[in-house]
Amino acid sequence: MAEGGAEEGAEEEVGKKMEEGDKFLYKPQSVKLVSAEGFEFVIDRKAAIISNTLRNMLSSSGSFSETELGEVNFPEISTPILEKVCQYFYWSLQFTSGKETEFYIEPEITLELLMAANYLHT
């Protein structure tokens, strides 16, 4: 009996299991975002879905690679910009939970960050 409980706990850590017809879908608790240079950012799923675009990519009903693998490639977003976007996701989670802090944006990345935010609907 204790063994079954341990398996369930381990399964929850890996991802949430949902039954859909005869197949099981695993919703990982983390998401991998890959920049144009190939740098990988692994972030919490709850942070990633702040972006409407990512939410749609990761939860679509089709068998898209983003949905199945929990990995999204951004060939047009550079590593520093994607890093700042990830920082914003976590800042936004803190802000909505009541922790009000400033989010600093370096002036030299403002335009590129604005274009990425527009694409991600953030």
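What follows draws every value from the coordinates through simple rules; no lab data is involved. None of these values were measured; they are calculated from a predicted model. All Cβ positions, even for glycine, are placed from backbone atoms using ideal geometry, and neighbour counts span all protein chains on display.
Points to keep in mind about this one:
- Within-14-Å neighbourhood charge of Gln94 [Cβ basis; K, R +1; D, E -1]: -1
- Förster radius 35 Å - calculated FRET efficiency between Lys99 and Glu40, Cβ distance, rounded to 0.05: 0.80
- Segment 24-122 - percent relative contact order, Cα under 8 Å, separation 6 or more: 32
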